[in-house]
Amino acid sequence: MVDSQDKALDRAIKEMEPEFDPEIFAPDAADLCRRLMDKDPKLRLGAHGGSTEIMAHPWFESVDWEGII
């Protein structure tokens with residue numbers, strides 16, 4: 001049985017947008033998180049280009065993907 005607290009949490013997840021404190025998150029990090037958590041799966045980062053699209057995000061600019069692979 002679902003209680004009112006569970007319903008409130010579900011509603012908050014569906015209706016609210018995440019907030020990222022600029023003192024903790026760099027702009028590129030906040031953008032990456034927002035785009036990975038987009039509620040619309042069709043718009044979510046990676047939805048059209050898979051991992052390549054995610055790896056191309058500016059937050060990963062300094063990552064040597066070839067070195068990791």
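The values are calculated or read from the model by the stated rules, or taken from the named source; none is laboratory data. On a predicted model such as this, the values are computed, not experimentally measured, just so you know. No Cβ is skipped: glycine too gets one built from the backbone with ideal geometry, and neighbour counts run over all protein chains shown. Just so you know, the surface numbers come from the protein's heavy atoms only, side chains and all, with ligands and any DNA or RNA stripped out. Shrake-Rupley method; radii C 1.70, N 1.55, O 1.52, S 1.80 Å.
Looking at the calculated P(r) for the chain, what percent of the C-alpha pair distances fall above 17 Å? List each step's numbers first, then the result.
Working: 1342 of 2346 pairs.
Here the tail beyond 17 Å accounts for 57 percent of pairs.
Applying 1/(1 + (r/R0)^6) with R0 = 35 Å to the Cβ-Cβ distance of ALA29 and LEU9, what FRET efficiency is obtained, to the nearest 0.05?
Values: r = 25 Å, r/R0 = 0.72.
The formula returns an efficiency of 0.90 here.
By how many degrees, 0 to 90 and rounded to 10, does the Cα axis of helix 27-36 deviate from the longest principal axis of the chain?
Taking Cα atoms only, the helix is inclined about 60 degrees.
What are the residues whose amide H is under 5 Å from the amide H of LEU45, where those residues sit 5 or more places off or on another chain and H is modelled from the backbone?
So LEU45 has HN proximity to LEU36, ASP38.
Within the chain, what whole-number % of the accessible surface is contributed by carbon and sulfur, with the 1.4 Å probe and all protein chains included in the calculation? Walk me through the intermediate numbers first.
Numbers: 3380 of 5920 Å².
Roughly 57 percent of what the probe reaches on the chain is carbon or sulfur.
In percent, how large is the relative contact order of the chain, given Cα pairs closer than 8 Å and 6 or more residues apart? Walk me through the numbers before you get to the answer.
Details: 25 pairs, mean separation 13.2, N = 69.
Taking the mean separation of contacting Cα pairs over the length of the chain, I get 19 percent.
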